[in-house]
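The values are calculated or read from the model by the stated rules, or taken from the named source; none is laboratory data. Because the structure is predicted, anything quoted here is derived from the model rather than measured. Every residue, glycine among them, receives a Cβ derived from its backbone with ideal geometry; neighbour counts consider all protein chains shown.
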Amino acid sequence: MAQFTCEICGAEFEQKSRYERHMLTSHPKQAVSAADIEKALKGVEFPKTRSELIDTLSGDEQEVRAIIKQLPDDEYRDAAEVARAFGELRTHEKAPDNQPSKTGGERAMQAPSAARFASLFSGMRFPADRQQLMDHARSGASEQEMQTLKQFGDHSYHSMADVTKELEKVK
């Protein structure tokens, strides 16, 4: 009668060493992936430093915690940036700077978003010219947003869609 039974496939073994070899070869434990890291960080509000990320992980996530401890001591803007750093750590190669998670993130941090502009013009009556747009947005807009509005063409905007198109031109 077998003393050791595989909980996964039901294979039976007389010797513990054969059971252990079976577990290593037939059902190896999967390494932590970038997706596992992103899943562990789901719901975390960014930006966070490496040490803050470590503090947010539960005790069940020891493997992910060990990996995050090895990451560069930087501030991470989102889980994708953490996963990117993990990829660099795993491959021992610096990822190119033109990856979407990096270039998109930097651009997003610098450029005003269409959603933000839509909120600035909530309640705006169209048609409106550039000066009317600036007057309406002035109370809630940042200096950078006002500078962006100054770059708009001096013509009539008939809807928020026109404003969004103009925003894409000046970004």
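What the table below lists for this structure:
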| item | result |
| --- | --- |
| The one condition in (1) part of a helix (DSSP H, G or I); (2) under 30 Å from Q3 (Cα atoms) that A31 fails to fulfil | (1) |
| Residue satisfying all of: in the range 18-35; surrounded by 11 or more Cβ atoms within 10 Å (Cβ to Cβ) and at pLDDT below 85; farthest from A79 (Cα to Cα) among these | V32 |
| Hey, T5 touching a strand residue (DSSP E or B) at 6+ places or on another chain (Cβ under 6 Å) and assigned by TED's automatic domain parsing to the domain that holds E88 or not | no |
| Residue that is nearest to E88 (Cα to Cα), among those in the range 1-45 that are under 14 Å from the mean Cα position of the chain (by Cα) and among the hydrophobic types (A, V, I, L, M, F, W, C) | A34 |
